[in-house]
Amino acid sequence: MGLFRLASVQAVSGSVLASVSGKWARYTVMTGWVMRRPPDGDEELARWIVGGASQLRVLRAGLERAVTDHTVKTDRQDLTERITIVATELAGNALRHGRPPTVVLLRRTEGHLVVEVLDSDVDATPAVDSQRPSGDGGLGLLLTERLAHDVGWYATGTGGKGVWAAFALAR
């Protein structure tokens, strides 16, 4: 079990209560992410085209292999779990709220791995519905903020958008 195995998450009055590794914490609900590009990547490690929810399992398995192949052993399990959770959440959001194709990239930058999810709908910007009733989902962006080192999104210039999360590598 990794550090960020989630036991429970629920929305409560403009914030989120989450049990991470058995400890409850309250996180403020964001309404939107900052529009900015991810850190420049030195190397693209892997790329997936996700056509539907059934392909998220293939994405998860591919991410586990790619992260394992490109990280040091001391960092591997926790980082793999966090990246897999975030990439699955962001790809699921793109499938639900964006337009195809959904492309997931894993890139290495100076000291980070970056997951980037691209879709073809620049109008569906990443934002949390703070009025959503508890139990109705919609907590993937909050989990992403909590599990990643840095997050953001940008318009691609070709009518789409990229949503990204960066994860610090062990030194």
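The values are calculated or read from the model by the stated rules, or taken from the named source; none is laboratory data. These numbers come from a predicted model, not from an experiment. Note that we place each Cβ from the backbone using ideal geometry, even for glycine, and neighbour counts take in every protein chain shown. With ligands, DNA and RNA removed, areas are computed over all heavy atoms of the protein, side chains included. Shrake-Rupley method; radii C 1.70, N 1.55, O 1.52, S 1.80 Å.
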Applying the selection to the stretch 118-147, what residues are under 20 Å from W48 (Cα atoms) and within 16 Å of the chain's Cα centre (by Cα)?
L118, D119, G140, T144
Across the stretch 94-115, what is the total count of residues that are among the small types (G, A, S) and either surrounded by fewer than 22 Cβ atoms within 10 Å (Cβ to Cβ) or assigned to a loop (DSSP other than H, G, I, E, B) (or both)?
2
Only one of these is out of contact with any helix residue (DSSP H, G or I) (no Cβ under 9 Å at 6 or more places or on another chain), at pLDDT below 95 and surrounded by 12 or more Cβ atoms within 10 Å (Cβ to Cβ): S13, S8, S54, S19. Name it.
S19
Which numbered condition L59 fails, given (1) open to solvent by 60 Å² or more (accessible area, probe 1.4 Å); (2) closer than 25 Å to R37 by Cβ
(1)
Does T71 satisfy being open to solvent by 40 Å² or more (accessible area, probe 1.4 Å), of a type in the set (S, T, Y) and in a loop (DSSP other than H, G, I, E, B)?
no
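Count, please, the residues in the stretch 142-171 that happen to be out of contact with any strand residue (DSSP E or B) (no Cβ under 8 Å at 6 or more places or on another chain) and at pLDDT 90 or above.
0
In the set R107, R76, R82, which member is over 18 Å from G52 (Cα atoms), modelled with pLDDT of 95 or more and over 11 Å from the mean Cα position of the chain (by Cα)?
Just one listed residue meets the conditions, R107.
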Looking at the stretch 45-58, I want the residues that are over 12 Å from A94 (Cβ atoms) and have a partner that is modelled with pLDDT under 95 and part of a loop (DSSP other than H, G, I, E, B) with Cβ atoms under 8 Å, at least 6 apart or on another chain. Which pairs are those?
L45/H70
Filtering the stretch 118-156 down to residues that are part of a strand (DSSP E or B) and in contact with a Gly (Cβ under 7 Å, 6 or more places away or on another chain) yields L118, D119, W153, Y154
